[in-house]
């Protein structure tokens, strides 16, 4: 990697660190998939976002005890949020 590429990469990293993820952004994204989850008797709740832009979510209702919940989370909800919410670093299922 050239020195110029390293500088550009560092600038991009600094920009990402300065992004503050708003709960409203995450909620709007969750609202896109919430009807499908609710159709099966469950729901997903945003518990909060910490200072490192990590979102914490929890399943409610039928999803809370479902054996497929972990797969639905990692293969769907987490990927969607990370893809659509700029600056979000991770999503943790609590």
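The set of residues in region 25-53 that are in contact (Cβ under 8 Å) with a residue 12 or more places away in the chain, more than 18 Å from residue 75 (Cβ to Cβ) and in a loop (DSSP other than H, G, I, E, B) comprises 41, 52, 53. Within region 54-94, being out of contact with any helix residue (DSSP H, G or I) (no Cβ under 6 Å at 6 or more places or on another chain), in a strand (DSSP E or B) and within 15 Å of residue 27 (Cβ to Cβ) holds for 56, 57, 58, 60. Checking each residue in region 36-69 for being exposed (fewer than 14 other Cβ atoms within 10 Å of the Cβ) and on the phi > 0 side of the Ramachandran plot picks out 41, 48. Comparison of 45, 51, 22 shows that the only residue that is touching a helix residue (DSSP H, G or I) at 6+ places or on another chain (Cβ under 9 Å) and modelled with pLDDT of 90 or more is 45.
The values are calculated or read from the model by the stated rules, or taken from the named source; none is laboratory data. For clarity, every value in this text was computed on a predicted model and none was experimentally measured. Quick reminder, even Gly has a Cβ in these numbers, built from the backbone with ideal geometry, and neighbours come from all protein chains shown.
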